[in-house]
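First comes the structure, then the notes that go with it.
The values are calculated or read from the model by the stated rules, or taken from the named source; none is laboratory data. Since this is a predicted model, take the numbers as computed values, not measurements. When we count neighbours, we look across all protein chains shown, and the Cβ atoms used for this are built from the backbone with ideal geometry, even at glycine.
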Amino acid sequence: MKIAVVGATGLVGTVMLKVLEERNFPLTELIPVASEKSVGKEITFKGKKFKVVNMETAIAMKPDVALFSAGGNTSLKYAPLFAEAGTTVIDNSSAWRMDPSKKLIVPEVNGHELSIDDKIIANPNCSTIQMVVALKPLHDKYRIKRVVVSTYQSVTGTGVKAVAQMMNERKGILDGPMAYPHQIDLNVIPQIDVFEENGYTKEEMKMIKETRKIMGDDSIRVTATTVRIPVMGGHSESVNIEFESEFDVAEIRSILEKTEGIIVVDDIANLKYPMPKDAHEKDEVFVGRIRRDESLPNTVNMWIVADNLRKGAATNTVQIAEFLLRKELI
Ligand code: A2P
């Protein structure tokens, strides 16, 4: 299995390489791809050195799978060229997510939708992935009517420049390069991505639209407020879920405990609940603070945390490739 990692020198690309290595993905050849300025750079994978190549060279090498994390425009231009060469592309950008002809996949939620004909597969937005992993088994059991989510998102979701901004500010350097329109350290910014005409941000609208697409149910009502906080390690979400039918909190906890990819950390007597510092570098989604919303019937509150570079990006992409392989779709 020949695998290309497109954006291999970037933040997500680097984690993809780490995840492929850790999970012992059965690859026979690795093709690291980046922009012209990185061509020839060496990447170490499983103790061996691999030279970074450009897009054209990578396409000509006809990889079986290309894991893309090189931005939306790069993906729009190059993903179809890889696909034409017979490569299955799994793309981390938002370029293809809402395209009706492309599947938007979280393997444990809707992997069954994939077929051998899917040559460009979209990886959802990080904050959406961790939420739907918890929503799906609950929707299957109680039918979700409405979700109200507020996020507390890590600076790693913005990239290296944002991490540098926060670290500079932490050292008292306030005039360094800015990834955000405001100071992030000792602050909270209620804006992720640009604003749309309806007053919501693009990130909020992604959570609304992508959730419905992945869950395959347009009747689920979702509203979101997405917020950047000065944290690394993972995104946290306060999620309020209203169901069609009555539930039992203990049963919800037990359903989530049995769900693949979820770890329930919910022991308030011992002050245990999910936190980004504990989710960091883990592949699972952590759920806690599960409690009844006493202001509404059939409604529950929970707190969901995951490493946005792992399950929110690199891990989910690699899991899609693993799923395709297991089902003999590549
Ligand atoms: P490079 O390091 O050569 O710029 P991040 O999101 O962390 O900024 O990473 C983006 C990744 O996408 C990097 O690996 C970057 O490579 C790569 N990239 C950006 N533009 C292109 C392009 N036109 N062709 C190939 N790779 C690209």
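If you go through the stretch 284-328 one residue at a time, how many are surrounded by fewer than 22 Cβ atoms within 10 Å (Cβ to Cβ) and either under 22 Å from S150 (Cα atoms) or in contact with a strand residue (DSSP E or B) (Cβ under 8 Å, 6 or more places away or on another chain) (or both)? Residues in the stretch 284-328 being surrounded by fewer than 22 Cβ atoms within 10 Å (Cβ to Cβ) and either under 22 Å from S150 (Cα atoms) or in contact with a strand residue (DSSP E or B) (Cβ under 8 Å, 6 or more places away or on another chain) (or both): 16 in total. Restricting N168, N187, N125 to residues that are among the polar types (S, T, N, Q) and within 28 Å of I105 (Cα to Cα) narrows the list to N125. Could you run through the stretch 210-249 and say how many residues are out of contact with any Ser or Thr (no Cβ under 7 Å at 6 or more places or on another chain) and either of a type in the set (D, E) or part of a loop (DSSP other than H, G, I, E, B) (or both)? Total satisfying the criteria: 11.
Residue-by-condition table, conditions (1) within 16 Å of the ligand (Cβ to nearest atom); (2) outside the structural domain of E284 (by TED's automatic domain parsing); (3) modelled with pLDDT of 95 or more; (4) over 22 Å from N125 (Cα atoms):
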residue	(1), (2), (3), (4)
G10	yes, yes, no, no
V53	yes, yes, yes, yes
T57	yes, yes, yes, yes
N73	yes, yes, yes, no
V89	yes, yes, yes, no
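In the set (1) in contact (Cβ under 8 Å) with a residue 24 or more places away in the chain; (2) under 30 Å from F243 (Cβ atoms), D140 fails one condition alone, (1). Figure legend. Inter-residue proximity from the stretch 9-34: first residues touching a residue at least 40 places away in the same chain (Cβ under 8 Å), second residues within 11 Å of the ligand (Cβ to nearest atom) and of a type in the set (S, T, Y), beta-carbon distance below 8 Å, spacing 6+ or different chains. Indicated pairs: T9/S38; G10/S69; L11/T156; V12/S69; G13/S69; M16/S69. Looking across the stretch 21-39, the residues that are more than 16 Å from S93 (Cβ to Cβ) and either within 11 Å of the ligand (Cβ to nearest atom) or within 16 Å of the chain's Cα centre (by Cα) (or both) come down to P32, E36, K37, S38, V39.
Is it the case that E84 is on the phi < 0 side of the Ramachandran plot, in contact with a Phe, Trp or Tyr (Cβ under 9 Å, 6 or more places away or on another chain) and either exposed (fewer than 14 other Cβ atoms within 10 Å of the Cβ) or not hydrophobic (A, V, I, L, M, F, W, C) (or both)? No: the conditions fail for E84. Looking across the stretch 145-195, the residues that are exposed (fewer than 15 other Cβ atoms within 10 Å of the Cβ) and β-branched (V, I, T) come down to V160, I173, V188, V194. V65 - would you say it is in the same structural domain as T317 (by TED's automatic domain parsing), away from the ligand (no atom under 11 Å from the Cβ) and in contact with an Asp or Glu (Cβ under 8 Å, 6 or more places away or on another chain)? Considered against the rule, which asks whether it is in the same structural domain as T317 (by TED's automatic domain parsing), away from the ligand (no atom under 11 Å from the Cβ) and in contact with an Asp or Glu (Cβ under 8 Å, 6 or more places away or on another chain), V65 comes out as no. Please go through the stretch 213-228 and pick out each residue that is in contact with a strand residue (DSSP E or B) (Cβ under 9 Å, 6 or more places away or on another chain) and at positive phi. Hits for the stretch 213-228: nothing passes. Within the option set E203, E210, E260, E237, being in contact with a helix residue (DSSP H, G or I) (Cβ under 8 Å, 6 or more places away or on another chain), under 27 Å from L114 (Cβ atoms) and modelled with pLDDT under 95 holds for one residue only, E260.
If we keep just the residues of the stretch 40-51 that are within 13 Å of the ligand (Cβ to nearest atom) and part of a loop (DSSP other than H, G, I, E, B), which is surrounded by the fewest Cβ atoms within 10 Å (Cβ to Cβ)? Step by step, filter the stretch 40-51, then rank; the result is G40.
For the stretch 97-118, the criterion of a residue being within 16 Å of the ligand (Cβ to nearest atom), modelled with pLDDT of 95 or more and crowded, with 22+ Cβ neighbours inside 10 Å is satisfied by no position. Tell me yes or no: at least one residue of the stretch 282-289 is of a type outside the set (A, V, I, L, M) and farther than 18 Å from L135 by Cβ. The answer is yes, given that some residue of the stretch 282-289 is of a type outside the set (A, V, I, L, M) and farther than 18 Å from L135 by Cβ. Of the numbered criteria (1) in contact with a Ser or Thr (Cβ under 7 Å, 6 or more places away or on another chain); (2) under 19 Å from Y142 (Cβ atoms); (3) without any contact (Cβ under 8 Å) to a residue 60 or more places away in the chain, the one V264 fails is (1). Of everything listed in (1) within 16 Å of the ligand (Cβ to nearest atom); (2) in the same structural domain as P276 (by TED's automatic domain parsing), the single unmet condition for V133 is (1).
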